[in-house]
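Note sheet for the following structure.
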Amino acid sequence: MTPSKFLLAACCSVASLSAGLAAPSAAAAPVITSVGADLSAGSYTFNVNGSSFTFGFNGDYFGGGPLTFSSAAGGQINTIFGAPTTYFIDRAPVTFGPGDQYAAFATPTPIRFSNGSNFIGLRAVAGNGDAFYGFAYTTNNVLNSFGFESVANRAITATTATGAVPETATWGMMIAGFGMMGAAMRTRRRSTKVTFA
């Protein structure tokens, strides 16, 4: 088998392996993005599944709250009595999902009790009506990270982790790819030997 045919077969094997490993998507993990944005220096906007989320800072630690929130195109925030709210991270694990209240805010609106370290529930509503639940992790005027469940209409448990955990399919593809690259290199070395009569 020539090296090029071997690499083609290897790529097909990796593709079929990744399809098999990725099949149980119901077990997919949340995708967490590290941010570290100082909101006192300016607002921060991110988009998830077409929904827009903007966090800002108004400096009011004792009134409505130092952080502000606005959204567009299906972005929503967890609310209590119609106002954006937070959950202190040292109370207990916090899960955000279908049973909670959410609302959209077109203009920057103070997030109550957003001083200290907090989890803030978010929801991205896709064009087909599916909801993707997520959270923001903040400390005073810093947006540390945000995370969203990769499966629609599934609740998410907030975490202070600031990096994404690779899924099983990702690890499988990476390991299989390294193995096949090594095999291709060995085959190539053998086929390029020169012999003299």
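Here is how the numbers come out for the structure above:
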quantity	calculated
Cβ-Cβ under 8 Å pairs, at least 6 apart or on other chains, the stretch 67-88 side touching a residue at least 60 places away in the same chain (Cβ under 8 Å), far side aliphatic (A, V, I, L, M) and outside any strand (DSSP E or B)	LEU67/LEU39; TYR87/VAL94; TYR87/ALA158
Scan of the stretch 55-66 for residues that are surrounded by fewer than 17 Cβ atoms within 10 Å (Cβ to Cβ) and either in contact with a strand residue (DSSP E or B) (Cβ under 9 Å, 6 or more places away or on another chain) or among the hydrophobic types (A, V, I, L, M, F, W, C) (or both), ordered by number	ASP60, PHE62, GLY63
Set THR160, THR79, THR107: member being out of contact with any Lys or Arg (no Cβ under 7 Å at 6 or more places or on another chain) and under 18 Å from GLY36 (Cα atoms)	THR160
Residues of the stretch 77-86 satisfying the condition of being under 18 Å from PHE132 (Cβ atoms) and either of a type in the set (Asp, Glu) or more than 21 Å from the chain's Cα centre (by Cα) (or both)	THR79
Candidates ALA73, ALA106, ALA83, filtered to the one that is within 20 Å of PHE46 (Cβ to Cβ) and surrounded by 14 or more Cβ atoms within 10 Å (Cβ to Cβ)	ALA73
Filter pass, PHE46 being within 18 Å of ILE32 (Cα to Cα), buried (at least 23 other Cβ atoms within 10 Å of the Cβ) and either aromatic (Phe, Trp, Tyr) or under 21 Å from the mean Cα position of the chain (by Cα) (or both)	no
Per-region count, the stretch 42-62, residues closer than 13 Å to THR109 by Cβ and not in a strand (DSSP E or B)	3
Residue that is in the same structural domain as LEU39 (by TED's automatic domain parsing), more than 21 Å from the chain's Cα centre (by Cα) and of a type outside the set (A, V, I, L, M), where the choices are GLY134, GLY74, GLY129, GLY64	GLY64
Verdict on PHE96 being more than 17 Å from TYR133 (Cβ to Cβ) and surrounded by 14 or more Cβ atoms within 10 Å (Cβ to Cβ)	no
In the stretch 71-99, the residues that are modelled with pLDDT of 90 or more and farther than 16 Å from GLY121 by Cβ	ALA72, ALA73
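The values are calculated or read from the model by the stated rules, or taken from the named source; none is laboratory data. Note that the structure is predicted; figures quoted are calculated from it, not measured. For neighbour counting, all protein chains shown are included, and Cβ atoms are generated from backbone atoms with ideal geometry for every residue, glycine included.
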